[in-house]
1. Run down Asn386, Asn337, Asn367 and say which single residue is polar (S, T, N, Q) and more than 30 Å from Ser282 (Cβ to Cβ).
2. Every residue in region 111-131 that is small (Gly, Ala, Ser) and either under 11 Å from Phe265 (Cβ atoms) or without any contact (Cβ under 8 Å) to a residue 60 or more places away in the chain (or both), please.
3. Quick one: in region 389-405, which of the residues that are without any contact (Cβ under 8 Å) to a residue 60 or more places away in the chain and more than 22 Å from Asn337 (Cα to Cα) is surrounded by the fewest Cβ atoms within 10 Å (Cβ to Cβ)?
4. Taking region 323-339, which residues are basic (Lys, Arg) and closer than 18 Å to Ser259 by Cα?
5. Which residues, taken from region 257-275, are of a type outside the set (A, V, I, L, M) and either under 22 Å from Asn319 (Cβ atoms) or touching a residue at least 40 places away in the same chain (Cβ under 8 Å) (or both)?
6. State which residue is nearest to Val221 (Cα to Cα) when the search covers only region 152-181 and only residues that are among the small types (Gly, Ala, Ser) and outside any helix (DSSP H, G or I).
7. Working carefully through the options Asn386, Asn422, find the one that is surrounded by fewer than 22 Cβ atoms within 10 Å (Cβ to Cβ), at pLDDT below 85 and outside the structural domain of Ser359 (by the TED database).
8. Looking at Arg125, Arg135 in this structure, which one is closer than 30 Å to Leu338 by Cα and not hydrophobic (A, V, I, L, M, F, W, C)?
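The values are calculated or read from the model by the stated rules, or taken from the named source; none is laboratory data. Just so we're clear, the structure is a prediction, and the values are computed from it rather than from any experiment. Here the Cβ is made from the backbone with ideal geometry for all residues, glycine too, and neighbour counts use every protein chain on show.
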Amino acid sequence: MNKIFKTNSGSPLGARGSWLKGLLLVLAGLFLGWLFFHSPKAVTDEHNHSANETKKQLWTCSMHPQIRLDHPGKCPICAMDLIPVVESKGAKADSNAVHFSKEAAELANVATSVVSRQQPSKDVRLYGKVQADERLLQNQVAHIGGRIEKLFVNFTGEPVRKGQLLAMIYSPDLITAQQELIEAAKSKQTQPEIYHAAMEKLMQWMLTEKQIAQIERSGKVKTNFEVYSNTSGIVTARRVNTGDHVSEGSVLYDIANLSQVWVLFDAYESDLPFLKVGNTISFTLQALPGTNFSAKIQFIDPVIDPVNRVAKVRVEVSNVGGKLKPEMFATGVVKANLTEFKDKLVIPRSAVLWTGKRSIVYVKQPNTKDVNFKMREIELGPMLGNSYVVLAGLTVGEEIVTDGTFSVDAAAQLAGKPSMMNR
């Protein structure tokens, strides 16, 4: 008997086989889908996207490092400028250097300059006033005692010329001396000694030979004695009034010859080492804007004023036209060459940070992948306006931070690197 075997789908064995086939088909479809949708490019793109998110620039506050913002601005707590959060290390950089990406350095406005040698010079700024030249001051005195009969110059500030009549004095002593001269002249041939003695007496009272000859010729006694100016200048003080009694040597007027004047500048102790006799001072006057003057230092006071702590520095200026008047305010500058610091290194003042006795700068690390700055202590010489002389700590050709120094220092503090506050 031939038996024919055929599959019966309704049997338990047939149903199980169909289920297994379906499961295999589903798994195969999922595997193919994974291969299609998760290609190496998609994996790489996803990785790069994650890396870009990680490298996104953040900003923080040097005083409040808990602040983290994704854009520059002000700290919401203290209103200080935010600084970029920087990586703590860079390729081939010193382990104590703080690392900036080039973008972060630009955002923080960090600028550098190369250290070089210069011939240092210092601008010493001085303030002072125009004064009368003491050598050209004169007191107009009465050479004989008497009473002021008349004043011909009655107020201060009035200009006078040499030989100008200033006052008339009535003097009983002068009347007596004239009478003696007139009598002695009658017998000058027989008694010349008496005659010459009478003339000498009048000449000691500053009568001129011409005045004496007139008295002798006229035979008349003058009751008033003329006082003539000994110099040309400006009356700075009138010390008598009409009717006053004066004695021999009494001062009638103070007269200042202003054809040449002094300008006296105040120099503080810290400025004196840079000032020498012969230095040129360029100065201006408030009263004459736009006009520049220059003169050489003639004298430096050897004594410091105990109250103001200054020494007077004097220059002499010709006063053609009388434009310079006593008590005018002057502002001057001396460009002092510091020969003792010849060919020393000079750096901008903005590059230096101070903390106690330390002076520090940030030096750019050479030949690194990104931008790296390392703190360095230096020894400073004198300040030259907006620059400093460097005595030790730097070499020619090194590059230092000159702008954004505080931002670099704040980043170093946050990164735990040596900084102004952390050695």
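1. Details: Asn386 fails: more than 30 Å from Ser282 (Cβ to Cβ); Asn337 fails: more than 30 Å from Ser282 (Cβ to Cβ).
It is Asn367.
2. Filtering region 111-131 for residues small (Gly, Ala, Ser) gives 111, 113, 116, 121, 128.
Scanning region 111-131 gives a single hit, Gly128.
3. Filtering region 389-405 down to residues without any contact (Cβ under 8 Å) to a residue 60 or more places away in the chain leaves 391-393, 405.
If we keep only those that are more than 22 Å from Asn337 (Cα to Cα) as well, we get 393, 405.
On the way: Gly393: 16, Thr405: 22.
Selected residue: Gly393.
4. So in region 323-339, the residues basic (Lys, Arg) come out as 323, 325, 335.
Of everything in region 323-339, those that are basic (Lys, Arg) and closer than 18 Å to Ser259 by Cα turn out to be Lys323, Lys325.
5. Asn257, Ser259, Gln260, Trp262, Phe265, Asp266, Tyr268, Glu269, Asp271, Phe274
6. Ser171
7. On the way: Asn386 fails: outside the structural domain of Ser359 (by the TED database).
Sole residue among the options that is surrounded by fewer than 22 Cβ atoms within 10 Å (Cβ to Cβ), at pLDDT below 85 and outside the structural domain of Ser359 (by the TED database): Asn422.
8. Just a single option satisfies the conditions, and that option is Arg125.
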